[in-house]
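Enquirer: Sharing a structure here in structure tokens format.
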Amino acid sequence: MREAPSDDAKDGVEHLVDGFPIDEADDGRSLGGETLYDEGLYDKALEAAADALADGYVDERAFDQAEVLVAMVAGLKDSAQRELDAYSFVYSNVEVRAVAPGTIEWVYTVVGEIDPAVATVELDRLAAALQEDCDSIQIPIMTMAGITDEPAVRHTYLNPDGTEIWSHTC
């Protein structure tokens, strides 16, 4: 049975959120000097992480990683919908999923059939940018939120029939 968060635990969560190394920038928030490509994504992820921490405290501030992961993914659902709305000419669906023990998976289904051999060349170029984003932003946020057992982010691209075009895990 979970205990209600103590005042000390609540203070820790506020410190976590307030103490996170955020720099205000004219065009949004940045982390470590890098402006995020979607300031809403950062805010949603951090809010979900703080909520998960606040709700997940038990004896000695232990919490269930699965609950934190699910809460973070729930906080990213709006970002997935915004991405689908912005790129509806490319994607027929954008989903974000929690995959145990610590993976956030973004699944993009393209509108039209794409030859994986052709797409792989272009998507492999994207891998370095995805890895940089994971290393500098996403994995640190996940770890700070308490996802410490195999934190990862996977990007998977699917054809309309569900066959995989390409996937990258960082």
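The values are calculated or read from the model by the stated rules, or taken from the named source; none is laboratory data. Predicted model, so just to flag it, every value in this text is computed and none were measured. Cβ coordinates were reconstructed from backbone atoms using ideal geometry, including for glycine residues, and neighbour counts include every protein chain displayed.
Enquirer: Are any of the residues in segment 80-92 more than 15 Å from Tyr157 (Cβ to Cβ), aromatic (Phe, Trp, Tyr) and outside any helix (DSSP H, G or I)?
Expert: Checked against the condition, which is being more than 15 Å from Tyr157 (Cβ to Cβ), aromatic (Phe, Trp, Tyr) and outside any helix (DSSP H, G or I), segment 80-92 yields at least one hit.
Enquirer: Kindly check whether there is at least one residue in segment 100-114 that is surrounded by fewer than 17 Cβ atoms within 10 Å (Cβ to Cβ), in contact with a Phe, Trp or Tyr (Cβ under 6 Å, 6 or more places away or on another chain) and over 23 Å from Met72 (Cα atoms).
Expert: No, because not a single residue in segment 100-114 is surrounded by fewer than 17 Cβ atoms within 10 Å (Cβ to Cβ), in contact with a Phe, Trp or Tyr (Cβ under 6 Å, 6 or more places away or on another chain) and over 23 Å from Met72 (Cα atoms).
Enquirer: Mind listing whichever residues of segment 113-146 are under 19 Å from Pro101 (Cα atoms), of a type outside the set (Ser, Thr, Tyr), assigned to a helix (DSSP H, G or I) and out of contact with any strand residue (DSSP E or B) (no Cβ under 6 Å at 6 or more places or on another chain)? Give the derivation first.
Expert: Restricting attention to segment 113-146, the residues satisfying the condition of being under 19 Å from Pro101 (Cα atoms) are 134-135, 138-146.
Then drop every residue that is not of a type outside the set (Ser, Thr, Tyr), which leaves 134-135, 138-142, 144-146.
If we keep only those that are assigned to a helix (DSSP H, G or I) as well, we get 134-135, 138-142, 144-145.
The answer is Asp135, Ile139, Pro140, Ile141, Met142, Met144, Ala145.
Yes/no matrix, rows are residues, columns are (1) without any contact (Cβ under 8 Å) to a residue 40 or more places away in the chain; (2) under 18 Å from the mean Cα position of the chain (by Cα); (3) surrounded by 14 or more Cβ atoms within 10 Å (Cβ to Cβ); (4) on the phi > 0 side of the Ramachandran plot:
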{"residue": "Gln81", "(1), (2), (3), (4)": "yes, yes, no, no"}
{"residue": "Arg125", "(1), (2), (3), (4)": "yes, no, no, no"}
{"residue": "Ala128", "(1), (2), (3), (4)": "yes, yes, no, no"}
{"residue": "Ala145", "(1), (2), (3), (4)": "no, yes, yes, no"}
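Enquirer: What is the one condition in (1) in a strand (DSSP E or B); (2) surrounded by fewer than 16 Cβ atoms within 10 Å (Cβ to Cβ); (3) in contact with a helix residue (DSSP H, G or I) (Cβ under 8 Å, 6 or more places away or on another chain) that Asp149 does not satisfy?
Expert: Only one criterion is unmet by Asp149, namely (1).
Enquirer: Of the residues Pro160, Pro101, which is at pLDDT below 90, assigned to a loop (DSSP other than H, G, I, E, B) and either out of contact with any Ser or Thr (no Cβ under 6 Å at 6 or more places or on another chain) or over 24 Å from Ala86 (Cβ atoms) (or both)?
Expert: Working: Pro160 fails: at pLDDT below 90.
Residue meeting the stated conditions: Pro101.
Enquirer: Follow-up question, since we're still on this one. Only one residue in Val68, Val73 is at pLDDT 90 or above, surrounded by 13 or more Cβ atoms within 10 Å (Cβ to Cβ) and among the β-branched types (Val, Ile, Thr), so which one is that?
Expert: Residue meeting the stated conditions: Val73.
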